[in-house]
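Below is one structure; the comments refer to it alone.
The values are calculated or read from the model by the stated rules, or taken from the named source; none is laboratory data. Since we're looking at a predicted model, the values are computed, not measured. Virtual Cβ from ideal backbone geometry, glycine too; neighbours counted across all protein chains shown.
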Protein chains: 2
Amino acid sequence: MALTRGQLIDAAVGVLSEFGLADLSMRRLARELDVQVGALYWHVKSKQELLVDVASKLLDSVPRPETPTPGLAPMAVAVLLRHLRNALITVPDSAEVVQLALSMRPESLDPLGWLLDFLKIAGLPDPEAGFARHVLVNHLLGSIAAHQEAVALAAGQESSQILAEWEDSAFDYGVRVILQGISAEHPATI
Amino acid sequence: MALTRGQLIDAAVGVLSEFGLADLSMRRLARELDVQVGALYWHVKSKQELLVDVASKLLDSVPRPETPTPGLAPMAVAVLLRHLRNALITVPDSAEVVQLALSMRPESLDPLGWLLDFLKIAGLPDPEAGFARHVLVNHLLGSIAAHQEAVALAAGQESSQILAEWEDSAFDYGVRVILQGISAEHPATI
DNA sequence: ACCTGAACACCGTTCAAGT
DNA sequence: ACCTGAACACCGTTCAAGT
């Protein structure tokens, strides 16, 4: 039967997860799906549009948390960031793809909307909640990118293990420090 | 006379600054320099290696600050981050290029070494100083990438001006919050 | 509605051969 | 030492024509 947009996205997620962004070409997807390249352009407008959908799909595996009380909101933020990291860390170049989606169609990334909600629940006022999310998302994506480059460059060596652990600690440290700084900046907040 | 590696790097910086990474191809550089593509590979091993040198060159415009006293070190960190941002913000896709250099040859980026020095002068112990720099550099590069995507997408519209200003405020907020969080995490530090 | 075939205008990298 | 010419193995996107 006919190819669907969903199958195309799934194939793209598959190639990305197994081989990375450098190997994720429209021609390769066409080969994988047993169609000609041109066929893909009936289902998506461009490769960029496809990548935005890939990013959405990657973040879809993060379950929507319960809406927290104001007191628990900072903890909910930290937990959500952990889940996002877990969802992305195993997929090569996922940070790059999410970064693209973030600039092209931010509303397609639901979990980042929840993040903003939680920061507001914690008591942050209007522009600052957005700023705070921005800092946290920069840290999340930057840490993931650095982690993946570390394991890619030192592939197979024992050093890659050490670098990955360093990155884990650095991520936790960053989340802690940023949340602490935010509550220091907003004394009304818990 | 013969092409030099320096001329090649300068040409690459020029194309990046004017047209962005998508237009920065080896073939285009060869055209610009009136040589055949193959000639470039006598001067650099690969496009990646060239991009690492481009990143170094971009950061070279940041002057080395005076070594601060412990009391002034946090301020020196903030000032250095501002200078880095100023050096990169006008060059399209500079954050991406620096990210690459950071993973391929971090020691080639002197100003990021100074950043680590200042954090240690401020009193941060050994693994934490590296973590802290990591958070700050993630924020720097993430903010620059977001800023540039904002102006690129809304090119010409009045909204691009607003988005750019939002990004400016968000950057300052982030630096403030992270530095505050760091000093809260390390009570011994000022 | 969905796809093929073929073209257009590109890429990065290598390398024998020239000067 | 430095470069040319030419090739190899790719790209993303478009579009008339087919079913």
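Summary of values
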{"quantity": "Options A:SER46, A:SER56; residue that is in contact (Cβ under 8 Å) with a residue 24 or more places away in the chain and polar (S, T, N, Q)", "calculated": "A:SER56"}
{"quantity": "Residue check for A:SER46: within 14 Å of another protein chain (Cβ to nearest Cβ), within 29 Å of B:LEU163 (Cα to Cα) and within 16 Å of DNA strand C (Cβ to nearest atom)", "calculated": "yes"}
{"quantity": "Boolean, A:ARG82 is among the basic types (Lys, Arg), within 12 Å of DNA strand C (Cβ to nearest atom) and away from chain B (no Cβ under 14 Å)", "calculated": "no"}
{"quantity": "Elements of type helices (runs of 4 or more DSSP H) contained in region A:13-108, each with 2 or more residues being surrounded by 15 or more Cβ atoms within 10 Å (Cβ to Cβ), in contact with a Leu (Cβ under 7 Å, 6 or more places away or on another chain) and small (Gly, Ala, Ser)", "calculated": "A:47-60, A:73-89, A:94-104"}
{"quantity": "Hits in region A:93-112 (condition: of a type in the set (Ser, Thr, Tyr) and over 14 Å from A:LEU140 (Cα atoms))", "calculated": "A:SER103, A:SER108"}
{"quantity": "Residue check, A:ASP34 away from DNA strand D (no atom under 13 Å from the Cβ) and at positive phi", "calculated": "yes"}
{"quantity": "Helices (runs of 4 or more DSSP H) lying entirely in region A:110-190 (those with 3 or more residues that are in contact (Cβ under 8 Å) with a residue 24 or more places away in the chain and either touching a strand residue (DSSP E or B) at 6+ places or on another chain (Cβ under 8 Å) or at the interface with chain B (Cβ under 7 Å from one of its Cβ atoms) (or both))", "calculated": "A:126-153, A:158-185"}
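To keep it simple, each residue is scored yes or no on (1) in contact with a Cys (Cβ under 8 Å, 6 or more places away or on another chain); (2) assigned by TED's automatic domain parsing to the domain that holds B:VAL135; (3) over 20 Å from B:PRO106 (Cβ atoms); (4) within 16 Å of DNA strand D (Cβ to nearest atom).
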| residue | (1), (2), (3), (4) |
| --- | --- |
| B:ASP23 | no, no, yes, yes |
| B:ARG28 | no, no, yes, yes |
| B:ALA39 | no, no, yes, yes |
| B:LEU51 | no, no, no, no |
| B:LYS57 | no, no, no, no |
| B:PRO68 | no, yes, yes, no |
| B:HIS83 | no, yes, no, no |
| B:LEU88 | no, yes, no, no |
